[in-house]
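Data block below; observations after.
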Amino acid sequence: MQLSRRGWSDRTMACLIVLIFLVVPAFGKRKDDVLVMKNGDRLTGEIKGMQHGQLSFKASYMESSMSVNWEEVAYVASADQFIVTLVSGERVTGILKTTAESHDQVNEIELVVDGVVREIPHLQVIDLEQKEVKFWSQLEGSVDLGLTFTSGNSSTGVSTSLGTVYKSQKYSVSLSTSSQYNRSTTESTNRHTFTNQNLRMLNEDWFMESYLDLLKSDQQQLELRSTWGGGFGRRFIQTPRTSITAMAGGVYTHERYLETSGGEPVRSSGELLLGASFTTFRFKTVDVSSDVFVFPSLTDSGRLRLSTQSNLKFELAKDLYWSFRIYENFDSKPPINAPRNDTGITTSLGWKF
């Protein structure tokens, strides 16, 4: 028995979601790292990492990790390896320690890289990540569950999303998926997405990136749109709290619409890819991010697609946050008689892992 195209699309999205949920970190690190603050406080435990100017540390007697201001740290030492990101954008892997155990000044950080000691100014470090022995332990991500509102029929429904990221010294791989189930008395506006971005740094500023995006949108009568390609990008701003990047390239797009809508239910095209990403962290608990991708068509004169989403996250407790997201998927010339806009808002409760 053959599956319908709609059934195949639903099963494809479901399989992708299940595969990502199998990714769960399960390995720990040693517990003899040393942390000394400028006021003289000394702790022994595990350095979890550092982001947005906040160092995460957990001693054996603590139920959960604590966060401390990186600028107030005088001394750190660990026999484990860390991936260290600098203000310049450079990423270095090595054993971490400081030059002297003194709490009256900001010391330099020493990284032992392949047996060679490299000294780095304390405040040049903007990110620390544990270099895990196991691949799965190097992953980090989040899962959300909440409510969604769509503009198509002014309906509300349930939304779920999941994302995970793997980072190494030169590579970054991100996977994300979301599902929204909205049903009114007149029509369904279910929506499913899957995105994969693979980045490789070429030097401190420039990178190359591949891009894959799958979209199923009832609101736009779109059974499945597959977009894949890539390009080159550059980091313009990289600080402990803010990052701005941009990229340009090309993609191939294959679309399948509902056959009952008239026009061309199946369409393939080539498009330019122009993208920009912005992230910032404020007030210790607020995380703001925005991604914009523009696709001017090379094969369909006058057609332009736009995909954008912005997220606002408020930390409620350790690893627990509230999220507000708005998205827009615009098509200036749909190949069938379908709405040009797919717009929605979601609010959800999330957990980081």
(message) Suppose the filter is farther than 29 Å from residue 241 by Cβ and at pLDDT 75 or above; does residue 111 pass it?
(response) no
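Somewhere in the stretch 115-137, is a residue of a type in the set (Val, Ile, Thr), modelled with pLDDT under 75 and farther than 30 Å from residue 192 by Cα?
yes
From 212, 224, which residue is assigned to a strand (DSSP E or B) and either more than 19 Å from the chain's Cα centre (by Cα) or modelled with pLDDT under 90 (or both)?
That would be 224, the only listed residue that is assigned to a strand (DSSP E or B) and either more than 19 Å from the chain's Cα centre (by Cα) or modelled with pLDDT under 90 (or both).
Just to confirm my filter: which strands (runs of 3 or more DSSP E) fall fully inside the stretch 286-353 and include at least 2 residues that are without any contact (Cβ under 8 Å) to a residue 40 or more places away in the chain and either of a type outside the set (Ser, Thr, Tyr) or within 18 Å of residue 251 (Cβ to Cβ) (or both)?
286-296, 304-317, 320-331
For residues in the stretch 160-184 being of a type in the set (D, E, K, R) and assigned to a strand (DSSP E or B), which is nearest to residue 194 (Cα to Cα)?
My answer is 167.
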(request) Would you mention how many residues in the stretch 333-350 are within 20 Å of the chain's Cα centre (by Cα) and surrounded by fewer than 18 Cβ atoms within 10 Å (Cβ to Cβ)? (result) 3
(request) Hey, could you check the stretch 248-289 for residues that are modelled with pLDDT of 95 or more and among the β-branched types (Val, Ile, Thr) and say which is nearest to residue 53 (Cα to Cα)? (result) 251
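The values are calculated or read from the model by the stated rules, or taken from the named source; none is laboratory data. Treat the numbers as computed from the prediction; the structure is a model and nothing was measured. Cβ: placed from backbone, ideal geometry, glycine included. Neighbour counts: every protein chain shown.
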